[in-house]
Amino acid sequence: MRVEVLYFDHNATHPLTAAARNAWLDAVERFPANPSSPHRAGQRADAALDAARESLAAHLGCAADAIVFTSGATESANTVLHAIDGEVWISAIEHPCVIEAASQWNHGRHRLLPVTRDGLLDTEFLAAELRHKRPSLVALMAANNETGVLQPWREVQALCAEHGVPFFCDAAQWMGKMPAAGLGACDFVSGCAHKFGGPVGVGFLKCPRNFRSLLAGGPQEERRRAGTQNVASVLAMVAALDACKPGCSEDRLWFESELLRKLPGVRLLGPRDAVLWNTVAAIMPEHADCRRRWVVVLDRLGFAVSTGSACSSGKEKPSHVLLAMGIEPGAAGRVLRFSSGWATTWDDWARLLDGILAAARELGV
């Protein structure tokens, strides 16, 4: 028997949208050739890539030749960090693709920047440090994937520009959900299609023209990313981004207020006026048996949600994001993230609330 699942994990992967699917199918038919080939079919594929590059650049507010197509945010982050010679400063709440890349490529030369209890980068600390030392790169995400907290990337970009320090912004969670205008001022910007309804396995990097490739191989992307470009996925990514519409926080705010009212002991994370419109991160109430995790019970009840960390009694470590915010491991093990999509309705949020209350009763909360 097929069990219907109400999906509230869009920050992990947004299901492929109709716009992306149609663009991909169209591109497969119209542009089957290798865009590096000299014949007319290859040149048509290359022209389609150029058009996609122009469209993406218009979203960011940068020159089209600053855009490099990659396999996603992980490759983009590794491409940036492998080429940095010197000390790198990154926020303590960065996505693992940035933190692990820094550990790999900048081992012993990377520093974590502290955040506030609300999960915001401590910009006063950064400003004070920049007055005494100049790193080779500062990295700060635009919006946190676990908490949805919007980061002060514009302020940090301006600080870095003032001190002559290159700035890298991981915009994976920002793209599609928030206006991308202004991101083009950052020296490096990364993003991936599957966060806003495009295909998995394609993304982009905004970087200087003389930047060296992480991958050895051909001269594609002006020698900044070797390998044959995935034309159909690139076109689907841009089509998905073009189709994104402004999000509304009204349903999320209703859900938050009702959750706090009906389930005593819940604590919401982050400043509620500075989070992604689709994201709720909450520390759930304690229950007797920590081995029965909230996310597992909700999944069985038909709700796909995410957890910020594993139960502190298990083998997995608590989320580095939550620990950086000063949340103790026991509470970090009870964090759930609910992230909606553009098609999510008020009725979906209401059903999720009912499901959480049912899970609470089952857990004996």
ask   = Considering only DSSP states other than H, G, I, E and B, which trypsin sites (Lys or Arg not before Pro) in the stretch 112-186 qualify as loop sites with at most 16 other Cβ atoms within 10 Å?
value = 117, 131, 133
query = Taking the alpha-carbon centroid of each part, what is the distance from the stretch 179-215 to the stretch 333-350 in angstrom?
reply = 27
task = Using Cα centres only, tell me the gap between the stretch 108-167 and the stretch 5-41 in whole Å.
result = 34
ask   = Among 222, 146, which comes first, then next, by fewest other beta-carbon atoms within 10 Å?
value = 222, 146
Electrostatic dipole magnitude of the stretch 1-141 [Cβ: Lys, Arg +1; Asp, Glu -1; Cα centre; debye, to 20] = 160
Extension gain (nm, one decimal) between residue 117 and residue 12, 0.36 nm per residue minus Cα-Cα = 35.5 nm
task = State, as an integer percentage, the relative contact order of the stretch 18-243 based on alpha-carbon contacts under 8 Å between residues 6 or more apart.
result = 27
ask   = To the nearest 500 deg cm²/dmol, what mean residue ellipticity at 222 nm is calculated for the chain from DSSP H runs of n ≥ 4 alone, each contributing -39,500 (n - 2.57), summed and divided by the residues?
value = -11500 deg cm²/dmol
Proximal lysine pairs, the chain, alpha carbons under 20 Å, eight or more residues apart or interchain = 5
ask   = What is the spin-label model distance, in nm, from residue 163 to residue 299 if the labels are put 7 Å beyond Cα along the C-beta direction?
value = 4.2
Dipole magnitude (debye, nearest 20) for the chain, charges at Cβ of Lys, Arg, Asp, Glu = 460
message = Taking R0 as 51 Å, what FRET efficiency do you get between residue 124 and residue 357 from their Cβ-Cβ distance, rounded to the nearest 0.05?
response = 0.80
query = When DSSP beta bridges are limited to those with both residues in the chain, what percentage is antiparallel, rounded to the nearest 5?
reply = 55
query = Rounded to the nearest 0.05, what FRET efficiency is calculated for residue 25 and residue 215 with R0 set to 30 Å and r the Cβ-Cβ distance?
reply = 0.60
key: Sites residue 154 and residue 36, calculated FRET efficiency, Cβ-Cβ separation with R0 30 Å, nearest 0.05   = 0.20
inquiry  = Can you list residues from other chains, or at least 5 along the same chain, whose modelled amide H is less than 5 Å from the amide H of residue 293?
reply    = none
ask   = Which of the GluC sites (Glu not before Pro) across the stretch 3-93 are loop residues per DSSP, with 16 or fewer other Cβ within 10 Å?
value = 4, 87
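Based on the Cα gyration tensor of the stretch 247-363, what are the three equivalent ellipsoid semi-axes, each the root of five times an eigenvalue, rounded to whole Å and given largest first? Don't skip to the answer; put the middle values down first.
Values: eigenvalues 97, 59, 31 Å².
For the stretch 247-363, the ellipsoid semi-axes come out as 22, 17, 12 Å.
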query = Given 0.36 nm per residue, what is the gain on full extension from residue 258 to residue 226 after removing their alpha carbon distance, in nm?
reply = 6.4 nm
remark   = Sorted by chain and then number, the residues having a modelled amide H within less than 5 Å of the amide H of residue 249, at least 5 places away or on another chain, are none
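Only the coordinates and a few stated rules stand behind these numbers; no lab work does. From a predicted model like this one, the values you see are computed outputs, not experimental measurements. Here Cβ is always computed from backbone atoms with ideal geometry, including for glycine, and neighbour counts include all displayed protein chains.
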